[in-house]
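The structure under discussion appears below in the form of structure tokens.
The values are calculated or read from the model by the stated rules, or taken from the named source; none is laboratory data. As the structure is a prediction and not an experimental result, all values here were calculated from the model. Note that we place each Cβ from the backbone using ideal geometry, even for glycine, and neighbour counts take in every protein chain shown.
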Amino acid sequence: MANNTVKKASREDWHPADIVAALHKRGLTLRDIARSHGLKDSSTFSKAMTASYPAAERRLAEAAGVPVQEMFAARYYPDGTMIPRGIRGARKLKSTEFRCQRNGNDRLAA
């Protein structure tokens with residue numbers, strides 16, 4: 001038997017069904033949001049629920065009436081700035097380590 005569970009980005013992020021429910025409580029659908037932003041279909045917003053799409057994440061959170069860092073907690077710092085991921089995140093971490101070594105500190109810079 002096939003297991004058709006919805007993929008979830010992380011434990012901190014809202015479940016995709018919770019995002020859709022929050023939108024429905026406000027009388028909106030993913031399709032409505034897509035149309036209001038000039039998109040033909042809602043696939044970008046569907047993908048944003050499980051993968052990092054910063055513009056779509058902000059639009060979903062705005063439409064649901066919650067801060068983006070609440071809806072996608074694993075992707076954003078509490079102040080709302082995005083947590084670097086992938087090669088950019090690795091580069092940022094590497095440059096931070098280099099600056100700390102250069103300054104003589106043993107810890108990573110915050």
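Note down all Cβ pairs under 6 Å where the first residue falls in the stretch 9-24 and is in the same structural domain as TYR53 (by TED's automatic domain parsing) and among the small types (Gly, Ala, Ser), the second is modelled with pLDDT of 95 or more and buried (at least 18 other Cβ atoms within 10 Å of the Cβ), and they're at least six residues apart or on different chains.
ALA22/ALA64
Considering only residues that are surrounded by fewer than 20 Cβ atoms within 10 Å (Cβ to Cβ) and of a type in the set (A, V, I, L, M), which ones fall in the stretch 38-67?
So in the stretch 38-67, the residues surrounded by fewer than 20 Cβ atoms within 10 Å (Cβ to Cβ) come out as 38-44, 46-47, 50-55, 58, 62, 65-67.
Answer for the stretch 38-67, where residues must be surrounded by fewer than 20 Cβ atoms within 10 Å (Cβ to Cβ) and of a type in the set (A, V, I, L, M): LEU39, ALA51, ALA55, VAL66.
Suppose we filter the stretch 35-50 for residues that are aliphatic (A, V, I, L, M) and more than 15 Å from VAL68 (Cβ to Cβ); how many remain?
Within the stretch 35-50, the first condition is being aliphatic (A, V, I, L, M), and the residues that meet it are 39, 48-49.
Narrowing the set further to residues that are more than 15 Å from VAL68 (Cβ to Cβ) leaves 39.
Number satisfying all stated conditions: 1.
Residues that are farther than 16 Å from ALA21 by Cα, at pLDDT 90 or above and among the hydroxyl-bearing types (Ser, Thr, Tyr): does the stretch 72-80 have at least one?
Scanning the stretch 72-80 turns up at least one residue that is farther than 16 Å from ALA21 by Cα, at pLDDT 90 or above and among the hydroxyl-bearing types (Ser, Thr, Tyr).
Looking at the stretch 10-27, can you tell me whether even one residue there is modelled with pLDDT under 75 and outside any helix (DSSP H, G or I)?
First pass over the stretch 10-27, keeping only residues modelled with pLDDT under 75: 10-11.
Narrowing the set further to residues that are outside any helix (DSSP H, G or I) leaves 10-11.
Checked the stretch 10-27: at least one residue is modelled with pLDDT under 75 and outside any helix (DSSP H, G or I).
Hey, can you tell me all the residues within the stretch 71-88 that are without any contact (Cβ under 8 Å) to a residue 24 or more places away in the chain and not hydroxyl-bearing (Ser, Thr, Tyr)? Let's see the steps before the verdict.
We begin by selecting, within the stretch 71-88, every residue without any contact (Cβ under 8 Å) to a residue 24 or more places away in the chain; these are 76-81, 83-84, 86-88.
Within the stretch 71-88, PRO78, ASP79, GLY80, ILE83, PRO84, GLY86, ILE87, ARG88 meet the criteria.
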